[in-house]
Amino acid sequence: MSADELAQVGVPADRPVTSSAGADEVRRQPAWHLGNLLSRLGSTLPILIGLGLVWGIFGATNSVFLSSANLSNLAIESVAVGTIATGIVFVLLVAQIDLSVGSMSGVASSLLGVGLTEWGLPLGVAIAIALLASVGVGLVYGIVFVRFNVPSFVITLAGLLALLGFQLWLIGSTGTINIPFGSWIVRFMQQMYLPHPVAYALAGLAAAGFAASGLARIRRRRKAELPSGSVAPRLLTSGLLLVGLEAATWYLNRANGVSYAFAFFIALVVAANVVLKRTRWGRYLYAVGASPEAARRAGINVDLVFMSAFVVCSVMAALGGLLAAGRLAAASISSGTGDVNLNAIAAAVIGGTSLFGGRGHAYSALLGILVIQSISNGLTLLALSSPARFMITGGVLLVAVIVDSVSHRSRVAHGRA
Amino acid sequence: MTRERALSITTEAPLAAGDPGQPLVSVRRVTKAFGAIRALSDVDLDVYAGEVVALLGDNGAGKSTLAKILAGAHPADSGEIRVGGRPVSISSPSEAQALGIAIVYQDLALCENLDTVANLFLGREEGRFLLSEESMEKHARSLLLRLSAKIPSVGTAVASLSGGQRQVVAIARSLLGNPSLVILDEPTAALGVAQTAEVLNMITQLSESGHGVVLITHQLADVQVVADRVVVLRQGRNNGTFRMSEVSQEDIIAAITGANNAGAAGRTGPSQQSSKGSP
C-alpha cells in the first residue's frame, strides 16, 4: 500500500508506519500453497492412511472384500450410523457429548414402526413425529445443560435410559414391529440404486461443483484484491476428483451401483460441512467449543449455540434411526442398542473431530464410519464375529483418542491450541 | 448492531454528541455489591474524548468491577452513567457496544482455534447466508495495516500468535464496532518489553484519533508513558484524581496504598478534576 492509499484510509502520511510492519506483514497464505495444502490435509491424512491400511489388509486376506458388490453393500451399511455420527460432530465441536444417540435412534425407529402399523399413519407423518420428538429431546438436553450446568455426559446418560424405557414401552410385548416392504423408506434403504448414467452424471456434477466453488473463491479474492493463487492447481485437483469419482462409480456400477441412500449420506455430509465452515452459526460452534467465555464476550448467545448443537445432534440421531429402520424393514426393542451408540461417537472421533472441542469437520463422520464399517464388514467376511469385532473397534477407537489427545497436547505445548 | 455500523471500520472515533467540553462518559456515585462484599461505593469517573485515563488501584480496589459495569457485564446497583451527556443504563455487552463502549479483557478475549480474521469479526460477521470471508479479510487487513499491527498472517490460528500480537488483535477487534470509548483491562500484564511498547504505541494512536481510553493497569511505568489523567480507586472508593503532568509517582503510590493522608485529601469531587493528590 502506498502512502497515498494510506492517506485515503485515514492514516496521516507523516505517521511513521512501524518499520517492519509493511503490507507484506499482513498476509494470508493462498489456499494452493503447498504447506497450506499439506496442513489442510494434515488432520485427515492419518485417517486416510488408516482406511487404506484396513482396505489393504482385508483385501489381501479376503477376495470378496474389495469386490464391487461388497463395497456397494458396505457403503449402504454405513449410512444410518454415519448420519448419527454427523450429528455427533456438532456436539463434539462445542466440547460436549451426547451418549444417548443410540437410544434416540431406537426411539425414532420405534415411532416409525408403531406409527406406520398400529397408528396407521402415512409415512411422512410418522417421520415428522419421530423428528419432532428428537427436537424435543435435544431441547431438553440443551435447557438442562445451560440452566443447571450439569455435565452433558450425565444428562445424556440419563436420557439414554429414559429413551430406552420409552422405546421398550412403544414396542410393547411383541419385541419387533415389521415395516411393510412396500414402504418408500424401506425401498430407499434396500433397493433403490441410481441408474448408471445418472450416477456418472452426478459424479461429474460433484467434481464440477468442486471446481466451480474453488474458481468462484479465486475470483472473489481477486476482486477483493487479496492474494488468490492461480486457477491451474484447482483445475488439476478438480480433474483428479472427477477421475476418482467416475472410477468409483464405474466400479460400484459393476454390481448394484451407487445407492440412493449413500448418495443422500454424502450430500448430507457435504451440506453439514458447508454449514460448519461457511455460515455464522457454524463459526459460532467452533468459537464456543474453543472458549465459551470469549464467545460470550464477543456478543454470541452461547446458550443458544449449545442448545442448537444438542438439537441438531438429536435430530441427526433420529434421522439415522429412521434410516436404520428402513434398512432392516423393522423396529425392535434392540434397535439402536448394542454398538450403535459407541460406533457413532467413535466414527466422529476416528474421523478427526476432537473430543476437546472447536476442532473437526463433517467429513470426519464419513471417513470414520467407513473405517468402522470396513473393519466390521471385513471381520465378518473372515468369519470373526462380534467378540473380535468389538475388541478391534475398541482398540481403533482407543488409538484415535490417543492420537487426538497427543496432538491436542502438542498443539498446546507449541502454542497452537 | 446494524450491518452498516459493523461495516464502517475506521480508527477515527465518532465525535461525542454535544460540546467538546462534555465528557464522553460520565459515571456518578456508582455502587455495586456482590452479596455482602461492597465492590464499589459512590465511585465517580469522567472520560473525555482523546484522553487516556489510567484507572489505578490495588488488587480488589474495584477497577475491573467498574470496567465491567461500563461494558455491561454487570449492572450497577445504583448511581448514574451518562454517555455523551445522556443518562443510560447498560445491562448487557451488546448495549454497551451500541453506546460506543468497547472493552478489551485481560484474558479469554480470543478464540484460539480461529484465525485473526474470524476473531476480529467474531459476533459481527459479514454476509447474509454464507459468510463474506473475502470482504472480512480485506477489512481486517486494512484495519491492521492502519494500526501498524505486526500480525504475521491473518489466516493462521490465533493460537500461533505471541501474547503481544494477540493483545493487538483484541484491541483491533474492539475498534470494529466504531466505539468512542475503549476500556483496556491490564493489556500489558503478560507482555515482554517490546510487546508492551507495541501495545502502548497503539493506545497512543487511539487517543490521538479521538477515542477516549480507560487503561486499567498495575504498571506505573506504562501510566507515565501514555496516560493524561490518573484515577485511583481504593477499597471501592475514589481515592484521588490527578493530572499526569502535575503528580509524582510517589503521590500516586501513596493514593493507591493509602500510605498517608494523601488519599483523603486527594478525594475530589467531579468539579475538581485536576486537583493535586497531596497537599
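The values are calculated or read from the model by the stated rules, or taken from the named source; none is laboratory data. Because the structure is predicted, anything quoted here is derived from the model rather than measured. No Cβ is skipped: glycine too gets one built from the backbone with ideal geometry, and neighbour counts run over all protein chains shown.
The residue of segment B:226-264 that is modelled with the highest pLDDT, among those that are of a type in the set (A, V, I, L, M, F, W, C) and over 21 Å from B:Val27 (Cα atoms), is B:Val226. Here A:Ser103 meets each of (1) among the polar types (S, T, N, Q); (2) crowded, with 24+ Cβ neighbours inside 10 Å; (3) over 24 Å from the mean Cα position of the chain (by Cα) with one exception, condition (3). Sub-8 Å Cβ pairs linking a first residue in segment A:275-297 that is closer than 13 Å to A:Ala95 by Cβ and within 7 Å of chain B (Cβ to nearest Cβ) to a second residue that is among the β-branched types (Val, Ile, Thr) and not in a helix (DSSP H, G or I), at least 6 apart or interchain, are A:Ala287/A:Ile300, ordered by first then second residue.
Could you please let me know if B:Thr204 is farther than 22 Å from B:Leu108 by Cα and either within 14 Å of chain A (Cβ to nearest Cβ) or touching a strand residue (DSSP E or B) at 6+ places or on another chain (Cβ under 8 Å) (or both)? Yes; evaluated as a whole, the condition is true for this residue.
Could you please let me know if A:Gly338 is closer than 25 Å to A:Arg389 by Cα and crowded, with 24+ Cβ neighbours inside 10 Å?
Details: closer than 25 Å to A:Arg389 by Cα: yes; crowded, with 24+ Cβ neighbours inside 10 Å: no.
When the stated conditions are applied, A:Gly338 does not pass them.
Does segment A:211-227 contain any residue that is out of contact with any Ser or Thr (no Cβ under 9 Å at 6 or more places or on another chain), surrounded by 16 or more Cβ atoms within 10 Å (Cβ to Cβ) and more than 14 Å from chain B (Cβ to nearest Cβ)? Within segment A:211-227, none of the residues are out of contact with any Ser or Thr (no Cβ under 9 Å at 6 or more places or on another chain), surrounded by 16 or more Cβ atoms within 10 Å (Cβ to Cβ) and more than 14 Å from chain B (Cβ to nearest Cβ). Among residues that are aliphatic (A, V, I, L, M), free of Cβ contacts under 8 Å to residues at least 60 places away in the same chain and farther than 21 Å from A:Phe310 by Cβ, A:Leu170 is not included.
Restricting the search to helices (runs of 4 or more DSSP H) fully inside segment B:88-173 and requiring at least 2 residues that are more than 10 Å from chain A (Cβ to nearest Cβ) gives B:93-98. Residues of segment B:46-79 that are within 18 Å of B:His218 (Cα to Cα) and in a strand (DSSP E or B): B:Val52, B:Val53, B:Ala54, B:Leu55, B:Leu56. Return the total of residues in segment A:111-141 being in a helix (DSSP H, G or I), of a type in the set (Gly, Ala, Ser) and more than 14 Å from A:Ile185 (Cβ to Cβ). Count: 4.
Only one of the numbered conditions (1) charged (D, E, K, R); (2) out of contact with any Asp or Glu (no Cβ under 6 Å at 6 or more places or on another chain); (3) on the phi < 0 side of the Ramachandran plot is not met by A:Arg220, and that is (2).
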